Amino acid sequence: SVERVYNFGSGPAAIPVEVLEKAKGELTNWHNAAGMSVMEMSHRGAEFTKIAADAERDLRTLLAIPGNYKVLFLQGGASMHFAAVPMNLLRGMKKADYVNTGEWSKKAIAEAKKFCEVNVVASSEDKNFTYAPKQSTWKLSADAAYVHYCSNETIGGVEFQWTPETGKVPLVSDMSSHILSRPVEVSKYGCIYAGAQKNIGPAGLVVVIVREDLIGNVLPGTPTVLDYKKMAEADSMINTPPTFAVYLAGLTFQWLLERGGLAAVEKVNVRKAKLLYDYIDSQDFYSNPIAKEDRSRMNVPFRLRDEKLDAKFLEQAEARGLSQLKGHRSVGGMRASIYNALPYEGVEALVGYMQEFARANG
Ligand code: PMP
């Protein structure tokens, strides 16, 4: 068998090995008591009800989620919520404000346009999405139902290091690729949503955190399972939830709490990102185009000076157990996703390899 690699995939992505080992130990007989795996349990039974409730409690602790916010465990990927957000949050209004910082913003905008008038209030398209537009340049509308942005662009590698101020208009963020990587002031948001398959657990689960006064007035025709209010009233169990994904998410939340919570996890993430960016900036064989103050701590795209070496770089990386470094097909080059589960030693191994490869091929 192959040893576990350092997995730099952008999602589905690395899951902490301790979480996988725990799940493995409980796979056939949960807590040595149920006589079955979590996958085989009724979602309405006492065991799974507790698994889901514990997961919610631990997520609330990690993010210090205020009591007037609902936590939902839903499905459909973040992409489904590109539609569910306007369906739930337009609340009879006709317009929403969107910030455009890259591929995921564009997809959210395209979906919202099916339901309302979209005002793009700021965009970094003028510089090929290499920065986060400053708040002072945003042209917010007074009558928008909400303001949406993607706080970490997974493909471009742009992360907002600050929280926008939108006054009375609720702020909505797609945090899919950096949720739980740092503390967040939840009270500044009307709604936060994130697909699980980067920093939470396996694909198939979407976490939605939404202020309770904003829900309950959906667009006519909204499917019941996308109605945040109805799902909140039913503890996200109008239909069968992705039970195993919720369970693994819960184990990941425990893993994060054991490590001291998000302030501690953030410190490690800062060190990891600094190690990689400092190396990239110290030489000219590799480059990263993103404005320094807006660089993502989670997704680090980089290019080789000579793209003819890309295939060789990837092949030799794989041979050393540095896996899934190929950049997104839309931008090419490389991308190292260094989520919570990718340890500091993994970044050290990557930088060591990059140095050697540059020496041998520069
Ligand atoms: N938003 C962001 C920021 C993402 O990175 C992704 C997935 N890579 C999505 C949305 C879409 O998620 P899903 O594939 O789960 O619909």
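Residues that are part of a loop (DSSP other than H, G, I, E, B) and hydroxyl-bearing (Ser, Thr, Tyr) were ranked within region 148-192; the one that is farthest from the ligand (Cβ to nearest atom) is THR166. For region 65-81, what are the residues that are within 23 Å of GLY156 (Cβ to Cβ) and surrounded by fewer than 22 Cβ atoms within 10 Å (Cβ to Cβ)? Passing the criteria: GLY77, SER79, MET80.
For region 16-35, taking the residues that are out of contact with any helix residue (DSSP H, G or I) (no Cβ under 7 Å at 6 or more places or on another chain) and surrounded by 15 or more Cβ atoms within 10 Å (Cβ to Cβ), the one that is farthest from SER337 (Cα to Cα) is identified as GLU26. Take the conditions (1) closer than 22 Å to ARG91 by Cα; (2) within 16 Å of the ligand (Cβ to nearest atom); (3) not hydroxyl-bearing (Ser, Thr, Tyr); LYS198 misses just one of them, which is (1). Scanning region 323-362 for residues that are at pLDDT 95 or above and of a type in the set (S, T, N, Q) turns up SER323, GLN324, SER337, ASN340, GLN355, ASN361. Scanning region 223-251 for residues being crowded, with 18+ Cβ neighbours inside 10 Å and either within 16 Å of the ligand (Cβ to nearest atom) or assigned to a loop (DSSP other than H, G, I, E, B) (or both) gives a total of 9.
Of everything listed in (1) surrounded by 24 or more Cβ atoms within 10 Å (Cβ to Cβ); (2) in contact with a helix residue (DSSP H, G or I) (Cβ under 9 Å, 6 or more places away or on another chain), the single unmet condition for LYS198 is (2). Could you pull out the residue among LYS272, LYS230 that is under 18 Å from the mean Cα position of the chain (by Cα) and of a type in the set (Lys, Arg)? Just a single option satisfies the conditions, and that option is LYS272. Scan region 179-194 and tell me whether some residue there is among the small types (Gly, Ala, Ser), in contact with a Ser or Thr (Cβ under 6 Å, 6 or more places away or on another chain), in the same structural domain as ALA108 (by TED's automatic domain parsing) and more than 20 Å from ALA84 (Cα to Cα). Within region 179-194 (the criterion being among the small types (Gly, Ala, Ser), in contact with a Ser or Thr (Cβ under 6 Å, 6 or more places away or on another chain), in the same structural domain as ALA108 (by TED's automatic domain parsing) and more than 20 Å from ALA84 (Cα to Cα)), the answer is no, since none of the residues qualifies. Taking region 131-159 as the range and being surrounded by 14 or more Cβ atoms within 10 Å (Cβ to Cβ) and of a type in the set (Asp, Glu) as the test, the residues that pass are GLU153, GLU159. Return the residue satisfying two criteria in turn: it lies in region 112-127 and is farther than 13 Å from VAL172 by Cβ and assigned to a helix (DSSP H, G or I), and of such residues it is nearest to the chain's Cα centre (by Cα). The selected residue is GLU125. Closer than 29 Å to LYS292 by Cα and surrounded by fewer than 19 Cβ atoms within 10 Å (Cβ to Cβ): does that describe TRP162? Criteria met by TRP162.
The values are calculated or read from the model by the stated rules, or taken from the named source; none is laboratory data. The structure displayed is predicted, hence computed values, not measured ones. Reconstructed Cβ throughout: ideal geometry from the backbone, glycine too, with neighbour counts over all protein chains shown.
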